[in-house]
Every structure is written in structure tokens, then in C-alpha cells.
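The values are calculated or read from the model by the stated rules, or taken from the named source; none is laboratory data. On a predicted model such as this, the values are computed, not experimentally measured, just so you know. Here the Cβ is made from the backbone with ideal geometry for all residues, glycine too, and neighbour counts use every protein chain on show.
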Amino acid sequence: MRFYLLRALEMTDMYDRSEVIWEDWKKMIKLNLTTCPEDNVNMRSDCHGWSALALYEFTRCIAGVKPLEPGWTKIGIEPHVLSLPDFSGNVVTPAGMVQLSWKNEAGHYTLSGRVPDGVPVELFLPDGTKQLYLHGGAFEF
């Protein structure tokens with residue numbers, strides 16, 4: 001049911017409150033698990049779609065890559081930095097690869113990346129401002 005809880009937090013602009021939800025995944029990493037168990041009691045994994053929730057969250061909410069227009073003809077990037085000091089990743093989209101990285105140093109964020117050339121991208125920054133790059137390509141803020 002965490003998928004629905006995280007969607008509710010996302011839809012109400014309260015995704016920053018998801019920090020506590022990530023604790024179970026942090027425990028899995030410490031246990032050197034290679035698949036996500038169904039729960040943290042039995043530690044058994046059926047390896048179905050629900051156990052892949054973290055993959056969706058990293059691309060859609062942590063990296064914040066989403067389509068703004070049908071067919072990914074315009075891309076939005078609205079990262080949720082949470083308590084992560086830095087982040088980097090690639091997101092495969094129908095329009096091509098989106099690359100994104102950020103660094104948080106003493107509350108000062110630097111965000112950079114690349115979207116496919118010719119695909120407009122709108123950045124929604126942690127301070128609430130927006131930046132629009134009409135021709136895609138590399139960006140830095």
C-alpha cells in the first residue's frame with residue numbers, strides 16, 4: 001500500500017514527508033539484499049511488481065522526471081532532494097535518455113543534466129522557481 005501513500009504525498013505536495021518510508025529500503029541495503037522482500041518480517045521475496053516500487057520512486061519522484069506533454073514531447077524535471085546530499089541518474093524515456101545530477105552543499109543546490117536535443121524541458125526547482133529550456137540539451141542551475 002506504500003505506492004498509494006507515496007502518491008498521496010506527491011499529489012498534496014508533501015513528498016518531503018516520505019523520508020520515514022525509505023527506512024525499510026535502507027535496512028534492505030544494510031542486509032545486502034538483492035531483491036526487495038514483501039515485508040520486513042518474513043524477509044521473503046516473490047519478486048513481483050510491488051517490490052519494484054523503489055525503481056518508480058527514484059525515476060518519477062526523487063529524480064522527478066515526468067512527461068509534461070503526450071509522447072514526452074515536453075519533459076518536466078521536479079526533483080525531491082529529501083535528505084540526499086547528492087544524486088545522479090539516467091532515466092530512459094520514449095524521447096531518449098534524460099541525465100540528471102544534483103549536489104546539496106550547505107543548503108545550496110546545484111542541478112545539472114541533459115535531455116534529448118529538441119525536447120523542451122521545464123525544471124521545477126526546490127526553491128519553487130521554474131526554468132524553461134526550449135531546445136533541450138544540457139542544462140545547469
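For region 114-141, which positions are exposed (fewer than 15 other Cβ atoms within 10 Å of the Cβ), of a type outside the set (A, V, I, L, M, F, W, C) and touching a Pro at 6+ places or on another chain (Cβ under 9 Å)?
135, 137 - these are the residues of region 114-141 that are exposed (fewer than 15 other Cβ atoms within 10 Å of the Cβ), of a type outside the set (A, V, I, L, M, F, W, C) and touching a Pro at 6+ places or on another chain (Cβ under 9 Å).
Among the candidates 118, 76, single out the residue that is of a type in the set (Gly, Ala, Ser), under 25 Å from residue 17 (Cβ atoms) and at pLDDT 90 or above.
Details: 118 fails: under 25 Å from residue 17 (Cβ atoms).
Matching residue, one of 118, 76: 76.
Among 56, 109, which is the only one that is assigned by TED's automatic domain parsing to the domain that holds residue 5 and of a type outside the set (A, V, I, L, M, F, W, C)? I'd like the intermediate steps shown before the answer.
Details: 109 fails: assigned by TED's automatic domain parsing to the domain that holds residue 5.
That would be 56, the only listed residue that is assigned by TED's automatic domain parsing to the domain that holds residue 5 and of a type outside the set (A, V, I, L, M, F, W, C).
Determine which single condition residue 60 fails, assuming it passes every other condition in (1) within 22 Å of residue 4 (Cβ to Cβ); (2) basic (Lys, Arg); (3) touching a Gly at 6+ places or on another chain (Cβ under 8 Å).
In the conditions (1) within 22 Å of residue 4 (Cβ to Cβ); (2) basic (Lys, Arg); (3) touching a Gly at 6+ places or on another chain (Cβ under 8 Å), residue 60 misses (3) alone.
Search region 1-26 for residues being hydroxyl-bearing (Ser, Thr, Tyr) and exposed (fewer than 11 other Cβ atoms within 10 Å of the Cβ), and hand back the single one that is modelled with the lowest pLDDT.
Taking region 1-26 and keeping what is hydroxyl-bearing (Ser, Thr, Tyr), we get 4, 12, 15, 18.
Next, only the ones that are exposed (fewer than 11 other Cβ atoms within 10 Å of the Cβ) stay: 4, 12.
On the way: 4: 91, 12: 94.
Among those residues, the one meeting the criterion is 4.
Go through the residues of region 87-102 one by one and say whether even a single one is in the same structural domain as residue 68 (by TED's automatic domain parsing), within 21 Å of residue 13 (Cα to Cα) and of a type in the set (Val, Ile, Thr).
Within region 87-102 (the criterion being in the same structural domain as residue 68 (by TED's automatic domain parsing), within 21 Å of residue 13 (Cα to Cα) and of a type in the set (Val, Ile, Thr)), the answer is no, since none of the residues qualifies.
Considering only residues that are in contact (Cβ under 8 Å) with a residue 24 or more places away in the chain and under 13 Å from the mean Cα position of the chain (by Cα), which ones fall in region 84-122?
87, 89, 91, 98, 100
For residue 95, state whether it is aliphatic (A, V, I, L, M) and either touching a strand residue (DSSP E or B) at 6+ places or on another chain (Cβ under 7 Å) or surrounded by 15 or more Cβ atoms within 10 Å (Cβ to Cβ) (or both). Walk me through how you get there before you give the answer.
Working: aliphatic (A, V, I, L, M): yes; either touching a strand residue (DSSP E or B) at 6+ places or on another chain (Cβ under 7 Å) or surrounded by 15 or more Cβ atoms within 10 Å (Cβ to Cβ) (or both): yes.
Yes; evaluated as a whole, the condition is true for this residue.
Just to be sure before I move on: is residue 44 within 26 Å of residue 1 (Cβ to Cβ) and either at pLDDT 85 or above or assigned to a strand (DSSP E or B) (or both) in the structure I sent?
Details: within 26 Å of residue 1 (Cβ to Cβ): yes; either at pLDDT 85 or above or assigned to a strand (DSSP E or B) (or both): no.
No; evaluated as a whole, the condition is false for this residue.
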